[in-house]
Amino acid sequence: MPLQHSGASGGGGGADGNASYGKALLPGEGQALAQYVQQNLRIPRRGEIGFSGDDINLWENSGYVMSGSRHTRMNAVRIRKENQVYSAEEQRALALLTMEENQQKEAQLMEDFRIMLKEKKKMRDQSK
């Protein structure tokens with residue numbers, strides 16, 4: 001079953017929720033795949049929509065061949081599209097992490113400046 005769009009945690013990036021997942025993806029396909037990636041779920045293949053990842057793994061382990069994994073060309077396209085989404089999500093996560101680190105550095109620098117200014121003010125008050 002398709003995932004429901006989940007407010008703030010979903011989407012991909014930017015104010016309008018449109019992230020660039022690369023070329024060769026249909027409109028909305030990148031966002032749909034990214035929802036599965038963001039929730040650490042298995043991306044369903046053709047013919048697997050509506051079934052859980054556990055059910056599909058159980059069937060594959062018992063010997064069933066799912067239609068999406070039979071054809072090598074179709075499988076190669078699926079893997080390429082999934083990799084595009086995974087790399088875009090990794091870049092988004094790295095950018096978020098870098099932004100948080102920069103904010104922490106900036107906050108520490110501002111705190112250091114505040115301490116320095118308080119010390120200078122205290123020294124001026126003592127000298128008067």
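Throughout, read-outs are computed from the coordinates displayed, never taken from laboratory work. Everything numeric in this text was worked out from a predicted model, so none of it was measured. Glycine gets a Cβ as well: all are built from the backbone with ideal geometry, and neighbour counts include every protein chain shown.
Points to keep in mind about this one:
- Since only THR72, MET116, TYR86 are under comparison, the one whose Cα sits farthest along the positive direction of the charge dipole of segment 29-127, derived from C-beta charges on Lys, Arg, Asp and Glu, is MET116.
- What the Cα atoms of segment 29-127 give is an Rg and a Dmax of 25.8, 86 Å.
- Ordering of 121-127, 37-43, 98-104 by packing [mean C-beta count within 10 Å, highest first]: 37-43, 98-104, 121-127
- Each Lys and Arg Cβ is given +1 and each Asp and Glu Cβ -1; about its Cα centre, segment 23-128 then shows a dipole of about 520 debye.
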